[in-house]
1. Can you spot a residue in segment 370-379 that is aliphatic (A, V, I, L, M) and surrounded by fewer than 21 Cβ atoms within 10 Å (Cβ to Cβ)?
2. Report yes if F344 is over 23 Å from P464 (Cβ atoms), buried (at least 18 other Cβ atoms within 10 Å of the Cβ) and not acidic (D, E), otherwise no.
3. Please go through segment 224-244 and give me each residue that is of a type outside the set (G, A, S), in contact with a helix residue (DSSP H, G or I) (Cβ under 8 Å, 6 or more places away or on another chain) and assigned to a helix (DSSP H, G or I), ordered by number.
4. Name the residue, out of G420, G387, that is crowded, with 23+ Cβ neighbours inside 10 Å and either within 28 Å of L466 (Cβ to Cβ) or at pLDDT below 95 (or both).
5. Quickly run through segment 1-46 and pick out the residues that are in a loop (DSSP other than H, G, I, E, B) and at pLDDT 95 or above.
6. Of all residues in segment 64-84, which are modelled with pLDDT under 55 and surrounded by fewer than 18 Cβ atoms within 10 Å (Cβ to Cβ)?
7. Every residue in segment 382-425 that is in a loop (DSSP other than H, G, I, E, B), of a type in the set (A, V, I, L, M, F, W, C) and more than 19 Å from R272 (Cβ to Cβ), please.
8. I'm told D307 meets every condition in (1) assigned by TED's automatic domain parsing to the domain that holds C421; (2) out of contact with any Cys (no Cβ under 9 Å at 6 or more places or on another chain) except one. Can you identify the failing condition by its number?
Amino acid sequence: MSDGSSRKGLVWLRRDLRLYDHAALKHALAQCEAIFVCFVFDTDILDLLPGQQSNRQLTQKSTRVSSKSFGLKFDRRVDFIWQSLAEIDLELRNQGSGLIVRHGQATTEISQLAQELGVSAVFTNHDYEPSAIARDLSVAQALAKNEINFYDFKDQVIFEKKEILTNSNTVFSIFTPYKNNWLRSLREQNLAPHDCLPRAGQFARLPKALDLGLPTLESLGFQATGLEKYLPAGSKGGELFLEDFLKRIDQYQMGRDFPAIKGVSYLSTYLRFGTLSIRGLVREAHRRMLAGSLGATTWLGELIWRDFYFMILANHPRLANGAAFKPDYDKIVWEDGAHAQKLFTAWCEGKTGYPLVDAAMHQLNQSGYMHNRLRMVVASFLTKDLGLDWRWGEAYFAAHLTDFELASNNGGWQWASSSGCDSQPYFRIFNPITQSERFDAQGNFIRRYLPALAKLSNKSIHAPWLAGHLELEAAEILLGRDYPEPIIDHDVARKNTLIRYSVVKKITA
C-alpha cells in the first residue's frame, strides 16, 4: 500500500478476538493513520445454528433461564463471542474509539461499512474453511468495485497450507513426519509476537451514527448461557486459564488422559476464538520443551496436531462436505433406519448403559466441553459399537462443543472411525469398560455426571449390569429404571464392526 500514513483502515475481527499479537491489526497500524475495528455477527452462520436445548433442559449444572429467554437460541459460542467483544469494545473506548458491531451478512456488511467509513483498505486474518474462503473472495470482490483493498494474513496457525511439505514437495498425510518437519522448520521469527501498540489517537473516534455499542444477545436472537461462571471469556479469561495451566504443565503428559483430575489445559475455546495468540502458546511450550519439560513437550505436540488438521483441511477442502479422507471408506455401510436413530438418540442423551460414555455425553450436554480422551471413547463407541456414521457424531459435536473448530473436529472423528489421515486402524476398537477402568479407576468422573450410580463400588461402576443383585439393591439402582441396560453388547458389536469394515480391509492389510 502506498502512502499508508494518509489512509484509513478497517480491521475485521473473526477468529482472532484480541487486540495484541494480531497480524492484521499489526499491518493496519503500520500502514494507516486511522484505524477502525469491527466484527460482524454473520447471519449466514447464525441462522444455521440449532437451538440446542429447550429451557426445560437447561438444568442441573447448566444455567436455569427465565421465561424472557423463551424462543431465543441457546449457544455458548455466541455468548462467548459476545462477552469477548465487550472486552475489546471497552479496551478500544479507553483509547477514544470503540468496536463497530454489525448483524447481517458479512458479504455485504463489510463492503457497506468500509464505504461508510471511507477506508482505503480492510485488514483481516486467514480463515481456512471452504465456506469462509468463498465469503472472503466475495467480500474482496465487492470492495474492489469501490477501489478498496482487501488484505489478509496468517494468524491462527504457525505454519499453514503448503508451508510444511515432504521431501518430494507434497502435502503430508502422516502426523509424525509432519511434526518432525514442523519442528525442524521452526524459527524464532515464526513465534515472534506482532507489535500492535498504536500511536496516540491511531484508533479512530467513531462517527456518531456508527457509535452504537454492542447489540444485546437478545437482539441477536440468543440468550445468556451462564458460561462466564466456569469459562470467563476474552483475553483476560484466557490469561487466567493459561496462568493456572502453566503451574501444572510439567505433569501434562501424566494427567491429560484422566478426566476426573485437572490434567488438561482447558485452553481450546480461547484458541478457537483467538482470544489467546497461538504464537504465544507455542513460544511458551517450545521454551519449556527445550528446558526439558516432558509435559510441555507433549502439549506442544497437541498444538502441532492443530496445525496439522488445519493443513489437511486447507489442502483437502472436500472434507468440509462430508467426504472421507480415504475415499474407499465411503464404501462402508452404516446402520440406518428407525433403530439406528434410536441408538443415536441414546448416545446423544447419555443413555447407552455404558457409564463412561454416558458421563462424557452428560459433560458435553451440560457444559459444552468434553475431555479429549473421552472424545475418542465416545467416537469409537458411536462408530464401532453402534455402527453409526461418524458424520452423525461430527455434526452433534459441531452443534454442542464450545471449542468446535471444523478442521480439528473433522480430523478427530475421521481418526476415530479410521477413515482419516493417520487414523487408528479399523480393527482398533476401544472397549468402553476397560477405558473406564483404566482412565477413571475410582469412578470419580462417572459419579460426577451420573449421580444415580454414586453408591456402586469402584469395580461395579464401570459395568453396572455385571454387579450382583444385592449390590444393586444396596445402591438403590434398578437397571432400566434408574440407569439403562446396555443398548448393545460390546463383544458382539466388535465382531460386527470387523465385518462392516471388511470392505476396506485390503487397504489397511
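1. Here is the first cut: in segment 370-379, the ones aliphatic (A, V, I, L, M) are 370, 374, 376-379.
Of the ones still in play, those that are also surrounded by fewer than 21 Cβ atoms within 10 Å (Cβ to Cβ) are 376.
Checking segment 370-379: at least one residue is aliphatic (A, V, I, L, M) and surrounded by fewer than 21 Cβ atoms within 10 Å (Cβ to Cβ).
2. On the way: over 23 Å from P464 (Cβ atoms): no; buried (at least 18 other Cβ atoms within 10 Å of the Cβ): yes; not acidic (D, E): yes.
Here the answer is no, as F344 does not meet what is asked.
3. Taking segment 224-244 first, the residues of a type outside the set (G, A, S) are 225, 227-232, 236, 239-244.
From what is left, the residues that are in contact with a helix residue (DSSP H, G or I) (Cβ under 8 Å, 6 or more places away or on another chain) are 225, 227-228, 230-232, 236, 241-242.
Those that are of a type outside the set (G, A, S), in contact with a helix residue (DSSP H, G or I) (Cβ under 8 Å, 6 or more places away or on another chain) and assigned to a helix (DSSP H, G or I): L227, E228, K236, F241, L242.
4. On the way: G387 fails: crowded, with 23+ Cβ neighbours inside 10 Å.
It is G420.
5. First pass over segment 1-46, keeping only residues in a loop (DSSP other than H, G, I, E, B): 1-3, 7, 14-22, 32-33.
If the condition is that a residue be in a loop (DSSP other than H, G, I, E, B) and at pLDDT 95 or above, then R14, R15, D16, L17, R18, L19, Y20, D21, H22, C32, E33 are the ones that fit.
6. Narrowing segment 64-84 to residues modelled with pLDDT under 55: 64-67.
Once the filter is applied, which keeps residues that are modelled with pLDDT under 55 and surrounded by fewer than 18 Cβ atoms within 10 Å (Cβ to Cβ), segment 64-84 yields R64, S66, S67.
7. Taking segment 382-425 and keeping what is in a loop (DSSP other than H, G, I, E, B), we get 386-389, 401-405, 418-425.
From what's left, of a type in the set (A, V, I, L, M, F, W, C): 386, 388, 401, 404, 421.
Passing the criteria: L386, L388, C421.
8. Going through the list (1) assigned by TED's automatic domain parsing to the domain that holds C421; (2) out of contact with any Cys (no Cβ under 9 Å at 6 or more places or on another chain), D307 breaks only (1).
The values are calculated or read from the model by the stated rules, or taken from the named source; none is laboratory data. Fair warning: this is a prediction, and the values are worked out from it, not measured in the lab. For neighbour counting, all protein chains shown are included, and Cβ atoms are generated from backbone atoms with ideal geometry for every residue, glycine included.
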